[in-house]
Structure formats: C-alpha cells, structure tokens
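Read the structure below first, then the notes.
The values are calculated or read from the model by the stated rules, or taken from the named source; none is laboratory data. Not measured: the values here are computed from a predicted model. Cβ atoms come from the backbone with ideal geometry, glycine included; neighbour counts cover every protein chain shown. Note: accessible area is taken over every heavy atom of the protein model, side chains too, but ligands, DNA and RNA are not part of it. Shrake-Rupley method; radii C 1.70, N 1.55, O 1.52, S 1.80 Å.
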Amino acid sequence: MAPCVLRLCEKYFKSERALTGSLVIINLVSNPSVVQARILQNFNEDTGHNIAVMVKDSKKPHRSSRVQEKAQNYFMLIQHFDDFEATLNQLRSLPTWNPLAQFVVQFTIPFEDEKLQAEWIERLFTELLSNDVLKVNAMYQFKNDTERIGVITWFPYHNVSCPVAVENILKIEDCYVVTSINETTEQQQKNYKIESFNQDLYPLIPKKLHRCRMDVSAVVWEPFVVASENDYDDDDVIEKGLEVLMLKTITDGMDMNLTFQSINNERASRTITDNNRTGFYSSILRRRADVMIGGLSENQISRKLLSASIPYYQDDITWCVAKAGLQPKWLNVFIIFNYKTWIALISTLFITSAVLYIFVRIEGKYRENYAWAFLIMFSVSTGQYAHYQPIRIGLKIFFIGFFFFGLHISTAYHSYLINVLTNPRYLAQIESLTDAMKINMTFKAAENAREFFQKNDSTSQYLLKNYVICKKLDDCFMDIVKDKSQAVAISRSHALNNPLQLKDSIDFSCFPVQENVVIYSVVMLFRKFHHLLPMINEKIRTIAESGLLSKWEMDSVKTSKEQDTSSGGGHGSTQIKLALEHVEGAFILVIIGLLLSLAVFVAEYYIHWIVKSNKHVKLKKIIEDRLCQTECHKKLKFCKNK
C-alpha cells in the first residue's frame, strides 16, 4: 500500500516553482502505526526526491520555525477523527498555513462499515470547507482488499453546485497491486496500477462558475463606487464606479452573479478594529461577503484578517481647502506693470515734465507752471491729445523722442489691459501645512486617519493633537467653502469626483503631491485565502494591461469636466462682456480726483472769503503775503498797495 500512496501523492502534489521537490507537511501521531511508519519511510527513501517532507507531531507544541513560505501541499495521516482535528489545529497555527494548497488525507485503517466511511469523509470535507480548503483528496483502504486504495474528492462547482455545502463527492481513482511473473527468473513481481474515473469533472475550480454568487460589501466612495439613492429606506443602490465596473467585467468572464451591500460612510471613517461583530471588516469576517471595495488599502489589521488582491490604482490622502478668493478688481489698471516699471514710468514723467518746463520758460512763449508741463507729458505718454506747439527745434526733437516712448508704453499697456480685465486674479492659495498652520486653520480628518500622523516630526504631532474628528467626510468637505478657515484630509480622487461638489460647482484646492498625508495602493479585500483570488488576480492583471482601467479613469475625469463646464454656458461660450466690476478701478480714480478737486475748490473758496472779509485779520495778512510772492498774483490790487 505504501508505494501506491507515494505514487498518488507524486501525482497530486505539484510545486509552483521549478525546485527539486514540492514541500509537503506530514503530521505524525505520538504512537504511529506500522502503516504510518511505512508510508513515512517510503517518502524519505524515494530515490527521485520529488517531494520534500516536513514532519509535525500534532501532540507536541509547535516550535518557531524559520520556514515562512506558504505550504503548497499537506499530507494528513488519520487513524481516528480526533487525529484530524488536532492536526488541523496545529497546521492552522503554523506560519506556513495555506488553505489554497493541495490536501491529501490518508485513512490508515480500513473501514469496516461503508456508512461510517461516507460519514467520516463528508465530515472531513465539511470541516475543511469551513476553513476555506477546497482542494482535498481522501484516500481509504478497501475492507476486503488492503492492497487496494481508493481516492475520493468533491467538486465544488460540478453541475449547478456552489461551494456553500459539500456535494458531489465522487471517486476519482483506484490504486491496486498487479502481480506478474518474470519469464527469465520465474519470480513474482508486484506492480501498482492507477485506474482513473470521472476525468470529465476536472478541474475542481472551472473557469465558468454557472452564476454562483459573489457577495460584495462596498463603501460608496466615488470614483471607485458610485450609488444612486432609491425611493426606499434601505441602502443605496450600487450602480457604477471604477471598481464596480472592474468586478462586473471579472465576474461576467467567470459567469458569476454579483450582489452588493453598501457600508455606511460614517462607519467607514471610524477607527478600524478586528471586531468581527461591529468592526469595519465584520461583513467579511462573519462570511456575509466575499470581497470589500471602495478605494480601500491594506493596513496592519487587514493583513492579519483578510487577503488583498494585487494593487491596480494609486490614490493619496491630501489636505483640501477652499479656493483662494479673487483679488480686488479696482487694482486691474495698476497691475499691468510691476512696481519697478511704475517707478521708472513716474520718474520719467516727472523728469521730462521738468525738462519741458525749463524749455518753455526759456522759450518765453507760454507762461505756464510745472503742473501744465506734467499734464502735457502725461497726455503724450498715454496717447492722448495735448494742445502745445513748440517753436524751438530742440524742443521738437525732444517731443519726437518722447512720442516713441509714449507709443511703446501705450501699446504695451493697452495690449495687456484686455487680458488683465477679462481673466480673474486670485489671492495667494494655501498650498502647504506650514502656510495653513500660520493662519491657524482648523484641520479635520476621519477617525481612522489618526494612524497617518503617528510620526515623530512636529507637524504630525501637532495634527495628532489638534485635528477635529470628522464623522462624514463629504459633509466636512462641503463645509470648507462655507468656512474658508477649514482644511479636510480626504482622498484626492474622491475630492475630484465627488458628485456634491460637481453638482454645486464647489471651488476647492488640494495640496500638491509633495504635501500628501499618505500615498497608497487601492486593492480589493477578500476573505482570508479566498479560493478564487488567484484567478481574480490574473484577470485584474489582464484588465490593467489592456488599458481598461485607464479608460474608466479617463471616463470619470471626462464626466466631471463635462458637469463642471456645463454650468458655464456650454461649448463655445467664451465671450466675456466687461462688467462694471472689471473697470471699477477707473471709476474709483475719478471719484478720488473729484473729491480732491472739491477739497481744493473748498479750500480756495475759503481763502477767497478770508481775503474779502475782515474777520481774521492775522490769517488774512499771512495769505496776502504768500499770494503776493507768486508771479501770477503780483498784479492784484492789494499787492500793488503794499
């Protein structure tokens, strides 16, 4: 029997790597029978060394082992069912535990009762199924023929079955002794022959799974999972989203049926624990779901409790704040040049006005003051009309040069003025935590984001102590527009695709990548060692290589842009009509000029009243003395009398 067991194990045990052998963990009871000892001896004495053996005693505590690689095969020797339970408990405690491996269970004593045999085998398969083990072959001996070994397995997806209960237990092979006589030596020789049955039922996990269910627990988190509110009181209806489209594509190819259950966003933002009743992963831990989606990533708890798919998307958590407000539009006419250019222009006007004033005084034709000269030069520089006819050739040449100066300045000013008037200008945008902390902004984040601030730097320690816990991130995200002193830590992809901000055209800004809280890979989280995970990973890899993920992502961005621009008048609506606010600076300057002129007029009228009246004799005398010193007032009557 022992050689037959060895040949069958060589057939069932396969290595995923091109090594000399396939690692098999074999249990050894404290008092092994002769049959068990002989089987173990055959494994050790195999000349081909096709199988590497690791022996474990189920009655002794497991010592720490340096072997951490997941086992690919298990061989269990069972004499009593208690041996199976003890062995399984020890195998589960090993760091090499792998329910996806191939299990071979050998009953070392013949069954005298066929009913007991069927009961033990069904119980064996059921117990292993509860531990997510599907690849099982059970070997047993015939009660009347101890040299014959039968092999029984079960097919989880045969016919219309799904792996929720053990059905379709069928015999697949027999191994028995064939005796032949050597014609030369006339000695009997024993050979072992393997007879196979039900070959059409292979493989155990087919590519098509005839509409078996895959239960999905989803966090509604755009753009990964998008839901529409229905008219009932139950959960939202999961409609679309990047991960929903991916799962539908995968399960359609596997001929599976998807069912969704949504997770409350408030619950999703709580601190993640391993509580299998109320924790974030409770739906999977209680086996109500096979997989979780919603822009999720791995953490210390999920690595211990769940199995993750290969990553397929990269997202980050960053701080988002309200977009900086518009700068005052009355400054539009002044920002065309920088302050150095303005200083140069004003200095040039004053200097050239002084030169013109000197030339005019020398020429003697006009008796105007310096203010008149400044108005002439200002008019020329801005392309305005100014009535003055110089006589001297030198003064005309001076004006020709200044006309070219005015031409350049006026052209540059008016050319850039349209761009300034028709394009909004914003105040300085908050783009770093340092800037936000300087103005004492309020920081909000989900409760489960606390782990991201467990660092030794001062900024992380400040956030850890001072950030406000946000139970509903979407609500906090919308509040940043109402209160511009708030910053919210949120997924960048979700912020850009949030339907609330697209609907209400929320103006927000997220910090650049170098200011991220954390960058993470998005994965699907499955039940620990889910038997379909290897197949799903292959399909995820195919989807990523085909470019479908990029297409779905571009479609999401395209949709958000279309919704964002739809409120602006549609395609081609680029004409901008200048409103009063665009040129309010000009009106402000006019008002300032009128107020100054009014003040000067009042002052002049007051001075005139003082001179005409005799109520303020001392003040009148001071004003008359000052007026008589000016050239234009010397001809006044009271000046001549002095």
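Would a scan of segment 413-420 turn up a residue that is touching a helix residue (DSSP H, G or I) at 6+ places or on another chain (Cβ under 6 Å), open to solvent by 80 Å² or more (accessible area, probe 1.4 Å) and either under 30 Å from F508 (Cβ atoms) or among the aliphatic types (A, V, I, L, M) (or both)? Write out each step before concluding.
First pass over segment 413-420, keeping only residues touching a helix residue (DSSP H, G or I) at 6+ places or on another chain (Cβ under 6 Å): none.
For segment 413-420, residues touching a helix residue (DSSP H, G or I) at 6+ places or on another chain (Cβ under 6 Å), open to solvent by 80 Å² or more (accessible area, probe 1.4 Å) and either under 30 Å from F508 (Cβ atoms) or among the aliphatic types (A, V, I, L, M) (or both): absent.
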(message) When the residues of segment 264-280 are narrowed to those that are in contact (Cβ under 8 Å) with a residue 24 or more places away in the chain and assigned to a helix (DSSP H, G or I), which ends up nearest to K528 (Cα to Cα)?
(response) A268
(request) From the list F402, F443, pick out the single residue that is open to solvent by less than 40 Å² (accessible area, probe 1.4 Å) and at pLDDT 85 or above. (result) F443
(request) Determine, yes or no, whether P95 is of a type outside the set (D, E, K, R), open to solvent by 90 Å² or more (accessible area, probe 1.4 Å) and either at pLDDT 80 or above or within 50 Å of the chain's Cα centre (by Cα) (or both). (result) no
(request) Considering each of D274, D235 in turn, give the residue that is over 19 Å from S307 (Cα atoms), at pLDDT below 95 and either out of contact with any helix residue (DSSP H, G or I) (no Cβ under 9 Å at 6 or more places or on another chain) or open to solvent by 70 Å² or more (accessible area, probe 1.4 Å) (or both). (result) D235
(request) Please note which strands (runs of 3 or more DSSP E) are completely contained in segment 460-557 and include at least 3 residues that are open to solvent by less than 30 Å² (accessible area, probe 1.4 Å). (result) 486-491
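If you check E431 against the conditions, is it part of a loop (DSSP other than H, G, I, E, B), under 19 Å from the mean Cα position of the chain (by Cα) and touching a residue at least 24 places away in the same chain (Cβ under 8 Å)? Please lay out each step first, then the result.
On the way: part of a loop (DSSP other than H, G, I, E, B): yes; under 19 Å from the mean Cα position of the chain (by Cα): yes; touching a residue at least 24 places away in the same chain (Cβ under 8 Å): yes.
Yes: the conditions hold for E431.
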(message) Suppose the filter is open to solvent by 20 Å² or more (accessible area, probe 1.4 Å) and in contact (Cβ under 8 Å) with a residue 24 or more places away in the chain; does A308 pass it?
(response) yes
(message) All but one of (1) farther than 23 Å from R527 by Cα; (2) assigned to a helix (DSSP H, G or I); (3) open to solvent by 10 Å² or more (accessible area, probe 1.4 Å) hold for E112; state the number of the condition that does not hold.
(response) (2)
(request) Kindly indicate which of L578, L548 is at pLDDT below 85 and of a type in the set (A, V, I, L, M, F, W, C). (result) L578
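Within segment 316-333, can one find any residue that is part of a helix (DSSP H, G or I), touching a helix residue (DSSP H, G or I) at 6+ places or on another chain (Cβ under 8 Å), of a type in the set (A, V, I, L, M) and on the phi < 0 side of the Ramachandran plot?
Of all residues in segment 316-333, those part of a helix (DSSP H, G or I) come to 329-331.
Right, trim to touching a helix residue (DSSP H, G or I) at 6+ places or on another chain (Cβ under 8 Å) and you get 329-331.
After this cut, where a residue has to be of a type in the set (A, V, I, L, M) as well, the list is 331.
Checking which are on the phi < 0 side of the Ramachandran plot leaves us with 331.
Yes, the conditions are met somewhere in segment 316-333.
Restricting attention to segment 340-347, does a residue exist that is within 40 Å of the chain's Cα centre (by Cα) and open to solvent by less than 50 Å² (accessible area, probe 1.4 Å)?
No, every residue in segment 340-347 fails to be within 40 Å of the chain's Cα centre (by Cα) and open to solvent by less than 50 Å² (accessible area, probe 1.4 Å).
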(request) Of the conditions (1) within 30 Å of H494 (Cβ to Cβ); (2) modelled with pLDDT of 70 or more, D625 clears all except one; give me its number. (result) (1)
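Open to solvent by 40 Å² or more (accessible area, probe 1.4 Å) and hydrophobic (A, V, I, L, M, F, W, C): which single residue out of L285, L247, L242, L258 fits that description?
Working: L247 fails: open to solvent by 40 Å² or more (accessible area, probe 1.4 Å); L242 fails: open to solvent by 40 Å² or more (accessible area, probe 1.4 Å); L258 fails: open to solvent by 40 Å² or more (accessible area, probe 1.4 Å).
After ruling out the rest, the residue left standing is L285.
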(message) With free of Cβ contacts under 8 Å to residues at least 12 places away in the same chain and not acidic (D, E) as the only criterion, which of L116, L129, L134 stands out?
(response) L116
